[in-house]
């Protein structure tokens, strides 16, 4: 009897796999609760609110936050700490909110509806997202309750409901460029062409002073020796092999821009649990690097940017306590000190990475 039961269970697993494979080979269903969105620059597909370039943008603020999703076993996204403290985002009256990816664990009709409902209820300004890997990761429920994960269909579903995977808008003296780079070991030729076009646009426009380039993955840390602790500890799994496409391909493209404009590189694939840090900042002679993410921990925070007459200032705000601090507190030294003082957490991250090779 035991052998028969084992065969039955194996059969259920096989059938579940086949059923899920069939699901991933067909387009994901489009639910009726979230209408399709026709992308328009400066208009949010989340809450249908729009930026008006004709407004006065000489003095304004905006907020950036990342990795706001709950875990796959939790019922709803974003995470509970953000839900409980969302009002803190609006202390400085931001004109818009920028998400740096990973809104939810998997994309399906339910997660899209829940996120749209939450944004419409609690974010009274335009809300934009730099697409994360989880934002286009599809889920399916197989026979016997087996949950299987895939991405086929996720890109098309996201694009139809929430807009393109890369896009841009301009307000005042600022150009915002949203990319979707880092899932593989290289950057696509299509996005390189798009990035080149945005660089030329900024260089040829004397009104543009600041360029914000937003991407979910912390691609500028990939095998970057000056950011070793960030690359090592920001997330246990990274790019395949010795990927360094930011240093080899993207950075050379951006250098001519950085000599003429101020370039800010923002990312959000950081801080997924208490073992990881939620904030990173670095500024060199060419670029300002900022990563901000959440893990439903007491270190969860967000970054507020204020632009006045083309000058950008920034601060970090703890989501739970509301305590504000300068971003300069969160450089490489902060990361090195944290993992030196918490070797148990460093060991957990290293062990996970070693068990899940890149």
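The values are calculated or read from the model by the stated rules, or taken from the named source; none is laboratory data. Fair warning: this is a prediction, and the values are worked out from it, not measured in the lab. For neighbour counting, all protein chains shown are included, and Cβ atoms are generated from backbone atoms with ideal geometry for every residue, glycine included.
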Within region 183-194, is even one residue at pLDDT 90 or above, within 19 Å of the chain's Cα centre (by Cα) and either over 20 Å from residue 255 (Cβ atoms) or buried (at least 22 other Cβ atoms within 10 Å of the Cβ) (or both)? no
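Out of 131, 125, report the one residue that is crowded, with 19+ Cβ neighbours inside 10 Å, in contact with a strand residue (DSSP E or B) (Cβ under 8 Å, 6 or more places away or on another chain), at pLDDT 95 or above and under 22 Å from residue 292 (Cβ atoms).
On the way: 125 fails: crowded, with 19+ Cβ neighbours inside 10 Å.
The unique qualifying residue is 131.
Restricting the search to region 51-78, which residues are surrounded by 15 or more Cβ atoms within 10 Å (Cβ to Cβ) and closer than 25 Å to residue 133 by Cα?
Just the residues of region 51-78 that are surrounded by 15 or more Cβ atoms within 10 Å (Cβ to Cβ), to begin with: 51, 57, 60-70, 76-78.
Listed by number, the residues that qualify are 62, 63, 64, 65, 66, 67, 68, 69, 70, 76, 77, 78.
Given the condition modelled with pLDDT under 90 and over 27 Å from residue 35 (Cα atoms), answer yes or no: does some residue in region 166-176 qualify?
The first filter runs over region 166-176 and keeps only residues modelled with pLDDT under 90, leaving none.
Within region 166-176, not a single residue is modelled with pLDDT under 90 and over 27 Å from residue 35 (Cα atoms).
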Restricting region 79-100 to residues that are assigned to a loop (DSSP other than H, G, I, E, B) and at pLDDT 95 or above, the residue that is surrounded by the most Cβ atoms within 10 Å (Cβ to Cβ): 100
Answer yes if at least one residue in region 37-45 is at pLDDT 65 or above, closer than 23 Å to residue 160 by Cα, exposed (fewer than 13 other Cβ atoms within 10 Å of the Cβ) and touching a strand residue (DSSP E or B) at 6+ places or on another chain (Cβ under 6 Å), and no otherwise. yes
Considering region 336-352 alone, what residues qualify as being at pLDDT below 85 and under 18 Å from residue 225 (Cα atoms)? 350
State all residues of region 48-69 that are modelled with pLDDT of 95 or more and touching a helix residue (DSSP H, G or I) at 6+ places or on another chain (Cβ under 8 Å); if no residue qualifies, say none. 63, 65, 68
Within region 154-210, can you find the residues that are closer than 21 Å to residue 256 by Cβ, assigned to a helix (DSSP H, G or I) and touching a helix residue (DSSP H, G or I) at 6+ places or on another chain (Cβ under 8 Å)? 192, 195, 196, 199, 202, 203
Suppose we keep only residues that are farther than 21 Å from residue 89 by Cβ and crowded, with 21+ Cβ neighbours inside 10 Å within region 264-281. Which one would you say is modelled with the highest pLDDT? 265
Given (1) modelled with pLDDT of 95 or more; (2) within 20 Å of residue 103 (Cα to Cα), where does residue 287 come up short, assuming only one miss? (2)
